[in-house]
1. How big is the accessible area of SER81 in square angstrom, nearest 10, if you roll a 1.4 angstrom probe over the protein chains?
2. In square angstrom, what is the accessible area per residue of the chain with a 1.4 angstrom probe?
3. What range in the chain is the longest one free of trypsin sites (Lys or Arg not before Pro) that are in a loop by DSSP and have at most 13 other Cβ atoms within 10 angstrom?
4. Quick one: helix 122-131 against the long Cα principal axis of the chain, what's the angle to the nearest 10°, folded into 0 to 90?
5. Mind checking the angle between helix 44-59 and the chain's longest principal axis? C-alpha axes, 0 to 90 degrees, to the nearest 10.
6. What's the center-to-center distance, using Cα atoms, between segment 1-45 and segment 95-133 in Å?
7. Take every Cα pair under 8 Å in segment 92-134 that's 6+ residues apart, average their separations, divide by the length, and report that relative contact order as a whole percent.
8. Over all directions, the average projected area of the alpha-carbon convex hull for the chain comes to how many nm²?
Amino acid sequence: MTRRKIREAIYRLLFRVEFYPPDAYDEQVGLFFDSDSWSESATDEEREYVSSKFGRIVEKIPEIDAAVDSNSRNWTTSRMSKSDLAIIRLAVYEILHDDDIPTSVAINEAVELAKKYGQDSSGAFVNGVLAKFA
């Protein structure tokens, strides 16, 4: 499985954070693995990686959101679309806490996710927000 597919799975889990309370996250991970076509071809190692990274990102959401809010001009996380916010949270986590992922790769992958899952302007918006971290 490619890193891009793994990153997309993590994004799809992060998107759920906005719709469920924290005590439902484990259940949501289980439902994702049980019902999503992505998990049909995923190895146990890939599932563990996705689940573990999702958990680490969720723990850091307050820190990530504070960093985004302090670096975003005229935008706060509360005003961002849920899709863009999930993508930005993933990328900011990778920039700040994932040493094996170069900043440029985190930004590029985030822009690609935004183009796929966001609105027409999401790619440019995500790129602009993340450029502040580069």
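1. Here the accessible area works out near 40 Å².
2. 54
3. No qualifying site falls inside 1-72, the longest such stretch.
4. Value to nearest ten degrees: 70.
5. The helix 44-59 is inclined about 40 degrees to the chain.
6. Value for the Cα centre distance between the two parts: 19 Å.
7. It comes to 38 percent, rounded to a whole number.
8. That works out to 7.6 nm².
The values are calculated or read from the model by the stated rules, or taken from the named source; none is laboratory data. Just so you know, these numbers come straight off a predicted model, no measurement behind them. For neighbour counting, all protein chains shown are included, and Cβ atoms are generated from backbone atoms with ideal geometry for every residue, glycine included. We work out accessible area using only protein heavy atoms, side chains counted, and drop any ligands, DNA or RNA first. Shrake-Rupley method; radii C 1.70, N 1.55, O 1.52, S 1.80 Å.
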